[in-house]
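The values are calculated or read from the model by the stated rules, or taken from the named source; none is laboratory data. Remember, predicted model here, so these are calculated numbers, not experimental data. Cβ placement follows ideal geometry from the backbone for every residue including glycine, while neighbour counts extend to all protein chains displayed. Quick note on the areas: whole protein, heavy atoms, side chains included, nothing else; ligands and nucleic acids left out. Shrake-Rupley method; radii C 1.70, N 1.55, O 1.52, S 1.80 Å.
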Amino acid sequence: MSPPTSTAAPSSAPTTPQPTSTRLCAHCKLSRPKIQRAKTRDRLCVPCFLHIFELEIHQTITSTNLFQRGDHIAIGASGGKDSTVLAAVLKTLNDRYDYGIKFTLLSIDEGIKGYRDDSLETVKRNAVQYEMPLVIVSYRELYGWTMDEVVQQIGKKGNCTVCGVFRRQALDRGAERLGVSHVVTGHNADDMAETVLMNLLRGDLPRLHRCTAILTASSSSPVRRSKPLKYAYEKEIVLYAHHRKLDYFSTECLYSPEAFRGSARALIKSLERVRPSAILDVVRSGESFVAMVPPEISGVAPSQPNTTATPVVLPPPPPPQQADDDPNAHCGGESGGEMAAFEKQLRENEEATHRETEVKLPQIRKKQKMKQTLMNCRKCGYMSSQELCKACVILEDLNKHRAKLGVQVELDEVEEEAKEGVRRKMEALELRKSVETDTGTDAKE
Amino acid sequence: MATPLVASSTSTIPSSTATTGQIKVEFSGGLELLFANQRSVTLPLPLPTTTSTSTLATPPTVGDLVTYLVNTAMVDPRKELFVVDGAVRPGILVLINEADWELEGEEEYQLCDGDTVLFVSTLHGG
Ligand SMILES: [Zn+2]
Ligand SMILES: [Zn+2]
């Protein structure tokens with residue numbers, strides 16, 4: 001009944017602290033421990049840690065039937081720690097358990113000097129190290145714009161939104177070019193928890209309800225996305241990379257970060273310090289929402305089963321009575337009072353969402369949204385719920401004012417207006433709860 | 001790196017069990033950017049701290065090292081990216097001789113000659 005990782009630790013740690021002199025690896029009982037696991041507080045030696053880390057991801061993959069023999073799957077590779085660890089682990093597991101999968105690294109070149117050009121060098125080395133082909137698609141070739149140019153035009157505010165919209169489509173197009181229909185990304189448990197919190201804080205139940213799914217398929221995209229590392233702690237990903245001496249790139253995007261995500265991230269890390277299980281608890285809470293959110297509420301978002309981003313594989317949510325039995329379900333034993341408070345919260349969120357729909361999105365009426373049909377973007381042909389896809393809406397505004405680029409000496413009023421226009425459009429896009437699924441985690445693919 | 005200004009006084013403390021020698025401090029995961037792009041620095045023991053509040057009789061701890069790093073060694077003004085509320089920022093892992101510092105007593109760990117302390121950020125890029 002419990003989600004994959006809770007069953008993954010091969011041995012449960014002795015809860016009584018052992019005397020220092022006899023303290024040995026909780027798994028092999030032979031070597032000196034070097035790692036204290038975040039999830040279980042088990043103390044493990046390096047070889048046991050590496051093995052168990054891999055085994056848990058293997059169990060996540062097999063218990064959700066994520067891959068089928070003969071699949072060709074793209075790994076969204078940024079050169080950062082998460083996707084590097086993902087590629088290394090998938091390579092290891094594919095060899096060890098004979099998955100029979102062909103993996104290809106798929107990288108997006110956003111065109112950010114001093115950031116992406118360096119990290120792409122890392123990806124190129126990874127391709128050699130893991131014996132995987134590498135395909136790079138660039139914003140420049142797809143959209144005619146690099147992110148450097150976008151930022152030069154619209155400033156740093158809101159560029160993450162542009163980048164996110166562009167990246168999503170770029171990954172799809174890269175997958176299309178490769179002829180693959182499945183892209184795995186390096187999102188980890190900390191990312192999941194962050195996103196659950198953000199959606200909770202925004203009162204965005206529809207998105208909350210789907211952001212934790214391990215595999216998302218959307219009719220607005222021909223490509224399925226999955227997150228094999230969704231139960232892996234960022235701490236352990238970094239330790240795995242460190243102890244295996246993996247080659248990864250670790251510089252922050254020059255144009256980041258989104259302030260709200262940064263705050264959610266800091267909160268998650270602070271919680272982890274006090275209570276390491278908190279991260280997985282938040283992820284599990286997010287998963288529980290899938291079962292708890294009534295259809296009327298999730299229906300505020302485009303919710304036609306056939307057109308919505310549908311979580312295809314979900315760990316079965318534990319029934320409330322059994323939650324107490326699950327040692328990892330720390331929230332299982334909460335009192336009825338908290339439940340009532342939670343339900344109240346749900347209702348308030350529902351109201352908030354309705355208000356938001358009416359006040360901020362007058363042009364998209366609920367009725368229309370419920371009947372939304374998918375079409376192809378009139379400009380680029382990409383699947384879209386609107387006449388123009390999000391990327392083309394952004395591009396239209398960018399291109400309108402492109403002529404001014406490079407010759408401007410200072411920002412005149414027209415330029416300011418152009419910036420405002422793009423910004424407003426982007427804000428509208430962010431608010432538009434369209435069928436084009438956006439789990440809110442795309443910012444770091 | 002500054003020379004150990006207090007080193008001479010070490011000998012004047014009668015019960016000095018303070019370790020002398022040196023330790024290696026490493027930065028990775030993006031933290032090196034806060035330390036003038038150095039991935040590794042060697043520091044003498046006792047630590048070359050100018051405001052020695054810690055008694056020289058006891059060996060410096062990792063806590064002392066963090067204080068030294070943030071007050072003296074860190075050139076980047078954004079101290080909050082390394083230390084928050086007097087403690088290592090959440091999301092930064094500390095490894096003492098390749099082991100999680102949770103296994104070694106965290107800030108309390110007493111540094112010895114030849115130790116390697118690694119600070120690695122988990123907060124950068126995915
Ligand atoms: Zn072991
Ligand atoms: Zn389009």
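Here A:Lys113 fulfils each of the conditions (1) away from chain B (no Cβ under 14 Å); (2) open to solvent by less than 10 Å² (accessible area, probe 1.4 Å); (3) more than 23 Å from A:Arg177 (Cβ to Cβ); (4) not polar (S, T, N, Q) apart from (2). Looking at region A:92-206, the strands (runs of 3 or more DSSP E) lying wholly inside it that each contain 1 or more residues that are within 30 Å of A:Arg284 (Cβ to Cβ) sit at A:102-109, A:182-184.
Can you find a residue in region A:173-180 that is of a type outside the set (A, V, I, L, M), farther than 29 Å from A:Glu396 by Cβ and either touching a residue at least 40 places away in the same chain (Cβ under 8 Å) or surrounded by fewer than 23 Cβ atoms within 10 Å (Cβ to Cβ) (or both)? Looking for residues that are of a type outside the set (A, V, I, L, M), farther than 29 Å from A:Glu396 by Cβ and either touching a residue at least 40 places away in the same chain (Cβ under 8 Å) or surrounded by fewer than 23 Cβ atoms within 10 Å (Cβ to Cβ) (or both), one finds at least one in region A:173-180, hence yes. One residue alone among B:Leu103, B:Leu118 is within 29 Å of A:Ala278 (Cα to Cα), touching a strand residue (DSSP E or B) at 6+ places or on another chain (Cβ under 8 Å), at pLDDT 95 or above and not small (Gly, Ala, Ser), and that residue is B:Leu118. Scanning region A:257-277 for residues that are surrounded by 16 or more Cβ atoms within 10 Å (Cβ to Cβ) and either under 18 Å from the mean Cα position of the chain (by Cα) or more than 14 Å from every other protein chain (Cβ to nearest Cβ) (or both) yields A:Glu258, A:Arg261, A:Ala264, A:Arg265, A:Ala266, A:Leu267, A:Ile268, A:Lys269, A:Ser277.
Per the listing B:Pro48, B:Pro60, B:Pro4, the residue uniquely modelled with pLDDT of 85 or more, more than 30 Å from A:Gly80 (Cβ to Cβ) and within 16 Å of the chain's Cα centre (by Cα) is B:Pro60.
Given the structure, is A:Leu93 at pLDDT 95 or above, open to solvent by less than 10 Å² (accessible area, probe 1.4 Å) and in contact with a Gly (Cβ under 6 Å, 6 or more places away or on another chain)? Against the criterion (at pLDDT 95 or above, open to solvent by less than 10 Å² (accessible area, probe 1.4 Å) and in contact with a Gly (Cβ under 6 Å, 6 or more places away or on another chain)), A:Leu93 does not qualify.
With respect to being over 12 Å from the mean Cα position of the chain (by Cα) and among the aliphatic types (A, V, I, L, M), A:Met192 falls outside the description. Residues that are more than 10 Å from ligand 1 (Cβ to nearest atom) and not polar (S, T, N, Q) within region A:19-41 comprise A:Pro19, A:Arg23, A:Arg37, A:Ala38, A:Lys39, A:Arg41, listed in sequence order.
Applying the condition of being surrounded by 13 or more Cβ atoms within 10 Å (Cβ to Cβ) and in a helix (DSSP H, G or I) to region B:73-126 and asking which residue is farthest from the other protein chains (Cβ to nearest Cβ) yields B:Ala73. Which of the residues belonging to region A:33-61 are part of a helix (DSSP H, G or I) and under 18 Å from A:His187 (Cα atoms)? A:Phe53, A:Glu54, A:Leu55, A:Glu56, A:Ile57, A:His58, A:Gln59, A:Thr60, A:Ile61, listed by residue number. Here is the figure for region A:158-201: residues that are within 13 Å of chain B (Cβ to nearest Cβ) and of a type in the set (D, E, K, R) total 4.
Could you please find all residues in region A:360-391 being outside any loop (DSSP other than H, G, I, E, B) and at pLDDT 75 or above? Once the filter is applied, which keeps residues that are outside any loop (DSSP other than H, G, I, E, B) and at pLDDT 75 or above, region A:360-391 yields A:Met375, A:Asn376, A:Met383, A:Ser384, A:Lys390, A:Ala391. Among the residues making up region B:21-33, those that are open to solvent by less than 10 Å² (accessible area, probe 1.4 Å) and modelled with pLDDT under 90 are B:Gly29, B:Gly30, B:Leu31. Taking the numbered list (1) in contact with a Phe, Trp or Tyr (Cβ under 9 Å, 6 or more places away or on another chain); (2) open to solvent by less than 10 Å² (accessible area, probe 1.4 Å); (3) closer than 21 Å to A:Ala213 by Cα in turn, A:Asp71 passes all entries but (2). Residues that are without any contact (Cβ under 8 Å) to a residue 40 or more places away in the chain and of a type in the set (Val, Ile, Thr) within region A:374-397 comprise just one, A:Val393.
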